[in-house]
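Following: one structure in structure tokens, then a few remarks.
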Amino acid sequence: MSKKIRTVLGDISMEELGFTYSHEHLWCCPPPQQTDRDFELTNYEASLAELKTFKAIGGQTLVDASTLDYGRDGSKLKAMSQESGVHVLGVSGFNKHIYFDQWVETESIEQITQRLVKDVEIGMDGSDAKAGILKAGSWYNLIHPLEEKITRAVARAHKLTGAPIWLHTEAGTMGLEMLDILEGEGVDLSVVAVGHSDRNADPYYHLQIVKRGAYIQYDGPGKVKYYPDDVRIELIKNILAHGYGHRLLISGDMGRQSYLHAYGGGPGFSYIKQLFIPRMLDEGISQAAIDQIFYTNPAVWLAKF
């Protein structure tokens with residue numbers, strides 16, 4: 001029997017997943033230490049409108065990567081999924097140490113592990129919306145001791161639940177080192193995706209990640225403030241040319257009000273589907289490779305239940 005994918009409305013088959021954005025944000029409220037409130041997405045109608053736009057252009061599944069330390073709300077994700085007709089996946093885990101609550105320091109790894117398992121098997125935030133992914137994060141060019149602690153908890157929760165793992169890397173650093181921690185805990189790296197990797201636009205580094213069996217995720221298309229999309233196109237071509245197209249995920253990480261059309265910003269959820277993918281084709285990336293990136297790879301990565 002084939003594995004299932006865990007959405008906030010229940011488990012679905014790989015065939016039901018369809019066109020997928022593997023890292024976005026619909027509802028989040030970072031703690032007060034994040035003084036830039038552009039990161040706060042708490043307008044339900046605006047977030048729902050953006051999700052409906054995604055649906056209208058052919059989107060079928062979206063991963064909301066908001067975590068325990070980032071103001072996640074399982075009931076809101078469930079309601080948005082029901083109203084939009086889009087499959088939505090929720091995440092259990094953590095972003096980075098500057099957001100952590102005090103209990104992350106005081107609780108044991110085993111206690112934190114059980115919190116994560118509960119999110120996956122029972123429901124998030126007092127709802128019956130179950131998390132379909134586990135998430136750990138690190139800081140810029142270092143892994144804080146509390147980040148190592150939660151990464152080990154994520155590894156242990158994965159071993160108890162089977163849930164796939166997504167890694168936050170700050171500016172694309174410390175991905176290999178986080179893989180070391182997971183591997184040391186006995187995690188098969190084929191269930192792991194290393195996010196924000198295109199922020200560190202180093203083709204050699206990216207190949208080191210995929211050669212270890214992990215997925216690499218590029219989630220910056222349209223964010224010209226970092227660098228233009230031609231850099232991302234070349235990074236994609238590098239992965240494909242070396243035979244690792246089956247290890248590539250692409251999404252937008254539109255986690256700011258100023259990134260979402262429904263909040264008055266851009267480029268929004270439509271950008272990748274309507275502008276970036278046509279550019280990929282124009283630049284010689286095949287439709288087969290694109291289908292693998294947005295349909296097959298997310299389905300294989302997420303189907304762990």
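The values are calculated or read from the model by the stated rules, or taken from the named source; none is laboratory data. Because the structure is a prediction, the values reported are computed rather than measured. All Cβ positions, glycine included, derive from the backbone under ideal geometry; neighbour counts span all protein chains shown.
Please count how many residues of the range 131-144 are over 16 Å from the mean Cα position of the chain (by Cα) and touching a residue at least 40 places away in the same chain (Cβ under 8 Å).
Residues flagged as over 16 Å from the mean Cα position of the chain (by Cα) and touching a residue at least 40 places away in the same chain (Cβ under 8 Å) within the range 131-144 amount to 2.
Only one of (1) charged (D, E, K, R); (2) surrounded by 15 or more Cβ atoms within 10 Å (Cβ to Cβ); (3) closer than 27 Å to GLU121 by Cβ fails for GLU40. Which number is that?
With respect to (1) charged (D, E, K, R); (2) surrounded by 15 or more Cβ atoms within 10 Å (Cβ to Cβ); (3) closer than 27 Å to GLU121 by Cβ, GLU40 is out only on (3).
Could we say that PHE294 is under 21 Å from LEU17 (Cβ atoms), touching a Leu at 6+ places or on another chain (Cβ under 9 Å) and outside any loop (DSSP other than H, G, I, E, B) here?
Here the answer is yes, as PHE294 does meet what is asked.
Working only within the range 1-11, note down all residues that are under 24 Å from ALA49 (Cα atoms) and either touching a Ser or Thr at 6+ places or on another chain (Cβ under 6 Å) or not charged (D, E, K, R) (or both).
THR7, VAL8, LEU9, GLY10
Looking at TYR70, TYR99, which is the one that is over 17 Å from ALA131 (Cα atoms) and hydroxyl-bearing (Ser, Thr, Tyr)?
Answer to the selection: TYR99.
Quick check: is even one residue across the range 131-151 in contact with a strand residue (DSSP E or B) (Cβ under 9 Å, 6 or more places away or on another chain), of a type in the set (Val, Ile, Thr), farther than 15 Å from ASN95 by Cβ and at pLDDT 95 or above?
No, there is no match, as no residue in the range 131-151 is in contact with a strand residue (DSSP E or B) (Cβ under 9 Å, 6 or more places away or on another chain), of a type in the set (Val, Ile, Thr), farther than 15 Å from ASN95 by Cβ and at pLDDT 95 or above.
Return the residue satisfying two criteria in turn: it lies in the range 1-35 and is surrounded by fewer than 22 Cβ atoms within 10 Å (Cβ to Cβ) and of a type in the set (Gly, Ala, Ser), and of such residues it is farthest from GLN60 (Cα to Cα).
Only one residue tops the list, namely SER2.
Filter the range 1-37 for residues that are of a type in the set (A, V, I, L, M, F, W, C) and under 12 Å from LEU302 (Cα atoms) and give the result.
Matches in the range 1-37: ILE5, ILE12, MET14, LEU17.
Are there any pairs with C-beta distances below 7 angstrom linking a residue in the range 294-305 that is under 9 Å from PRO164 (Cα atoms) to a residue that is part of a loop (DSSP other than H, G, I, E, B) and basic (Lys, Arg), with the two at least 6 apart or on different chains, and if so which?
ALA303/LYS3; LYS304/LYS3
Please specify each residue of the range 205-229 satisfying the condition of being touching a helix residue (DSSP H, G or I) at 6+ places or on another chain (Cβ under 7 Å) and β-branched (Val, Ile, Thr).
ILE209, VAL210, ILE216
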